[in-house]
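K.L.:
This is the structure I want to talk about, given as C-alpha cells.
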Amino acid sequence: MTPAATAALLTAGPTTGAAAETHGFLSPTGVEIAFLLVGLVTFGAALVTVTTRQLVHAALWLVVTLGGLAVEYLLLTAEFIAWVQVLIYVGSVVVLLLFGLMLTRAPIGRSPDADSGNRWAALTVAVAAAAALVWVVVDAFRTTWIDLDGPAAGSTKATGASLFQNWVLPFEALSVLLLAALVGAIVLSRKAKAGAATAGENTPAAPSEQDRSEQEGTR
C-alpha cells in the first residue's frame, strides 16, 4: 500500500470503514427494501397483463406495470427518467392502446381470440429474453454502485445528452412505431365500416306497410 493510500485511510477514520463493513446484502436499507417490494408488485402486474384474456384489463394492468417502473426510477434517484416514463408511456402509449381498442371495436369482456394457443413458445421466448436482459445488465453494471444517499445522478442535462447523442435512433424508432400503430388502427376501422356497408347493400330491404297491403289486396 502506498503512503498516500495509507494517509487517506487514516484521514477517513473508523466511521467510514465501519459503515462500509455493515452495509451489504444482509443489511439492506429502507430504500432497497422499498425497491424490492415495488419490483415484486410490478412483476405481478406484468404477469397479469400478459395472461388476462380481457384486453381492457390488460391495458389497465399495463398502467400499473409502467407506474411501478416509474417508482423504481424514483428510488434510483433518476427523477427525469421517472417523469418521462409517466408522461410518455403511461400518458401516451396506454392512451394510444385504448384508442386502438376502441377504433378496432375490440371486445370488452373475455375473448377466446386473445389466446393464440402458443403459450409454451411465448413462455420460452419470454424466459430467454429475460435471462439475456438480466445477464447484460449484471455484466454491464457489475462493479457500479449508486449512492442513494448522495446527490441525484439522473439530472436532466446528463440524461438528455445521453438520450439524444447515443440513443437517438431507438428514440425515433419508437415514435415511428406509435405512428404505425395509430395508422393501422384507422385502416382496420375503415375496413370494418366498409364491410358493414357492403353487407347492408346486399341484404334485401324489408317490405313496407303499403307493399304488404297491396299484396294482400291482389290476393
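The values are calculated or read from the model by the stated rules, or taken from the named source; none is laboratory data. Fair warning: this is a prediction, and the values are worked out from it, not measured in the lab. Every residue, glycine among them, receives a Cβ derived from its backbone with ideal geometry; neighbour counts consider all protein chains shown. SASA here: full protein model, heavy atoms, side chains in, ligands and nucleic acids out. Shrake-Rupley method; radii C 1.70, N 1.55, O 1.52, S 1.80 Å.
K.L.:
Sort out which residues of the range 173-182 are of a type outside the set (Gly, Ala, Ser) and either touching a helix residue (DSSP H, G or I) at 6+ places or on another chain (Cβ under 8 Å) or open to solvent by 90 Å² or more (accessible area, probe 1.4 Å) (or both), and write them in order of number.
P.N.:
Val176, Leu177, Leu178, Leu179, Leu182
K.L.:
When the residues of the range 18-31 are filtered to those that are aliphatic (A, V, I, L, M) and at pLDDT below 80, which remaining residue is farthest from Val86 (Cα to Cα)?
P.N.:
Ranking the qualifying residues of the range 18-31, first place goes to Ala18.
K.L.:
Report whether or not Leu66 is modelled with pLDDT under 90 and under 21 Å from Leu178 (Cβ atoms).
P.N.:
no
K.L.:
Applying the selection to the range 61-91, what residues are under 11 Å from the mean Cα position of the chain (by Cα) and either in contact (Cβ under 8 Å) with a residue 60 or more places away in the chain or open to solvent by 60 Å² or more (accessible area, probe 1.4 Å) (or both)?
P.N.:
Within the range 61-91, Trp61, Val64, Leu69, Tyr89 meet the criteria.
K.L.:
Separate question: Run Ala140 past the list (1) at pLDDT 70 or above; (2) open to solvent by 90 Å² or more (accessible area, probe 1.4 Å) and report the number of the one that doesn't hold.
P.N.:
Failing condition for Ala140: (2).
K.L.:
Quick check on my filter: what residues within the range 32-60 are modelled with pLDDT under 85 and loosely packed, with under 15 Cβ neighbours inside 10 Å?
P.N.:
Within the range 32-60, Glu32, Val50, Thr51, Arg53 meet the criteria.
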